[in-house]
Amino acid sequence: MELLVAVLLDWLIGDPHSFPHPVKLMGRIISFEERIVRKIFKEEGKKLKIGGFLIVVLNISLAFIVPYLILKCLKGYRLLYSIINIYFIYSCLAARCLDKEAMKVYFALDKSLDKARYKLSFIVGRDTKSLSEEGVIKAAIETVGENTSDGVIAPLIYIMLVGVPGGLMYKMVNTMDSMLGYKNEKYKDLGFFPARVDDLFNYIPARITGLLMCLSSAFRFDVKNGVRIMIRDRKNHKSPNAAYPEGAVAGLLNIQLGGDGLYFGKLVRKPTIGDGIRRVSREDIKRTIEIMYRSEILLLTLYIAVTILGR
């Protein structure tokens, strides 16, 4: 019941900017740790990799142990325990936030391409200034597709398996990767272990997400093609995991994603995902958001069914 309440809260209010959020605290902790590690390990290379490893070990421990102890201390106070537990679960989920940010891009396209590029710049790690309208739409779709795993399905899976501490542990891993896991000169050493650990934590959830996307799209999108593209193009991404949800979306919608892009001023050549049976349109942003919610609902339905049968 608490899990469902938390999901409904996410759907209704998302992540208000001024609302206290554990991920914001995680970000501050990681920034502080980065400054300390760079002062201690001034040389690039192995020493900075060790520093990154220490950050990973410390933060995974903190993210699991702290909420575990908080909830353990509140066990005797049933109402307060439920409120804090719901809040922690809610803070791990980002479906409404993804929906809202992607739709900002969708509506900005009505006004001008420059405004759409600007809105997109808040949710992607690439240079958006030179993107065509098609490029903007594809980038928004890819972001929602990939983050359906990172921001919705993966945290739910860890919460279902390990409880709230598991969900917050996952969010810490994901936050470390988003802040330190870049493959550029500044972060190639410090971010080595944060990126690898994130790949490990997402290995199974990403594949489950792709499967959920396809199964939940029955009688709505092209399920057969979704499965085919997800399997065929699973290696067409620099990430060992992202091509599964992105491939599922591309196949389900009969569009092509991926391709070359500018990151921090450098052209990064990437393979395509999907066959491009038709050109992408603005409405595909809405369709991808729908696929995200369908996947989440299917996972919750399966979890409730297994829980009832297990009693």
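The values are calculated or read from the model by the stated rules, or taken from the named source; none is laboratory data. As the structure is a computational prediction, the values presented were derived from the model and not from experiment. Neighbour counts are summed over all protein chains in view; Cβ atoms, including those assigned to glycine, are modelled from backbone coordinates with ideal geometry.
Is it the case, given these coordinates, that Ala242 is in contact with a Cys (Cβ under 8 Å, 6 or more places away or on another chain) and buried (at least 19 other Cβ atoms within 10 Å of the Cβ)?
no
Check off (1) in contact with a Ser or Thr (Cβ under 9 Å, 6 or more places away or on another chain); (2) farther than 25 Å from Glu185 by Cα for Leu3 and give me the number that stays unchecked.
Evaluating Leu3 over (1) in contact with a Ser or Thr (Cβ under 9 Å, 6 or more places away or on another chain); (2) farther than 25 Å from Glu185 by Cα leaves (1) as the failure.
Based on this model, can you work out whether Ile40 counts as within 30 Å of Ile86 (Cβ to Cβ) and either surrounded by fewer than 17 Cβ atoms within 10 Å (Cβ to Cβ) or of a type outside the set (Lys, Arg) (or both)?
No, not satisfied.
Restricting to the range 192-238, count the residues that are of a type outside the set (S, T, N, Q) and not in a helix (DSSP H, G or I).
10
When you look at Gly27, is it surrounded by 14 or more Cβ atoms within 10 Å (Cβ to Cβ), of a type outside the set (S, T, N, Q) and either on the phi > 0 side of the Ramachandran plot or touching a strand residue (DSSP E or B) at 6+ places or on another chain (Cβ under 6 Å) (or both), yes or no?
No: the conditions fail for Gly27.
Since Gly52 meets every condition but one in (1) part of a helix (DSSP H, G or I); (2) farther than 19 Å from Arg196 by Cα, which condition does it not meet?
(2)
Checking Val23 against (1) closer than 25 Å to Met292 by Cα; (2) more than 21 Å from the chain's Cα centre (by Cα), which single condition isn't satisfied?
Val23 satisfies all of (1) closer than 25 Å to Met292 by Cα; (2) more than 21 Å from the chain's Cα centre (by Cα) except (2).
Going by the conditions given, is Gly226 small (Gly, Ala, Ser), touching a Lys or Arg at 6+ places or on another chain (Cβ under 8 Å) and under 21 Å from Asn147 (Cβ atoms)?
Against the criterion (small (Gly, Ala, Ser), touching a Lys or Arg at 6+ places or on another chain (Cβ under 8 Å) and under 21 Å from Asn147 (Cβ atoms)), Gly226 does not qualify.
Does the range 97-151 hold any residues that are surrounded by fewer than 22 Cβ atoms within 10 Å (Cβ to Cβ), small (Gly, Ala, Ser) and over 17 Å from the mean Cα position of the chain (by Cα), and which are they?
Ala108, Ser112, Ser130, Ser132, Gly135
Cβ-Cβ under 8 Å, sequence separation 6+ or interchain: first residue in the range 80-93 and outside any helix (DSSP H, G or I), partner surrounded by 21 or more Cβ atoms within 10 Å (Cβ to Cβ) and of a type in the set (Val, Ile, Thr). Which pairs?
Going by the 8 Å Cβ cut-off, the qualifying pairs are Leu93/Val7; Leu93/Val152.
Answer yes or no as to whether Ala218 is of a type in the set (Gly, Ala, Ser) and more than 17 Å from Glu146 (Cα to Cα).
yes
May I ask you to list the residues in the range 163-187 that are surrounded by fewer than 20 Cβ atoms within 10 Å (Cβ to Cβ), in contact with a helix residue (DSSP H, G or I) (Cβ under 9 Å, 6 or more places away or on another chain) and modelled with pLDDT under 95?
Of everything in the range 163-187, those that are surrounded by fewer than 20 Cβ atoms within 10 Å (Cβ to Cβ), in contact with a helix residue (DSSP H, G or I) (Cβ under 9 Å, 6 or more places away or on another chain) and modelled with pLDDT under 95 turn out to be Ser178, Met179, Tyr182, Lys183, Tyr187.
Please specify each residue of the range 54-67 satisfying the condition of being surrounded by fewer than 17 Cβ atoms within 10 Å (Cβ to Cβ) and not hydroxyl-bearing (Ser, Thr, Tyr).
Leu54, Val57, Leu58, Leu62, Ile65, Val66
Could you say whether any residue in the range 86-95 is farther than 21 Å from Ser149 by Cβ and surrounded by 12 or more Cβ atoms within 10 Å (Cβ to Cβ)?
Taking every residue of the range 86-95 in turn, at least one turns out to be farther than 21 Å from Ser149 by Cβ and surrounded by 12 or more Cβ atoms within 10 Å (Cβ to Cβ).
What pairs come up if the first residue lies in the range 155-170 and is within 13 Å of Val7 (Cβ to Cβ) and touching a residue at least 60 places away in the same chain (Cβ under 8 Å), the second is assigned to a helix (DSSP H, G or I) and of a type in the set (A, V, I, L, M), and their beta carbons are under 7 Å apart, counting only those six or more places apart or on different chains?
Pairs that qualify, where the first residue is within 13 Å of Val7 (Cβ to Cβ) and touching a residue at least 60 places away in the same chain (Cβ under 8 Å) and the partner is assigned to a helix (DSSP H, G or I) and of a type in the set (A, V, I, L, M), are Leu156/Leu299; Ile159/Leu3; Ile159/Ile89; Gly167/Ile89; Gly167/Ile159.
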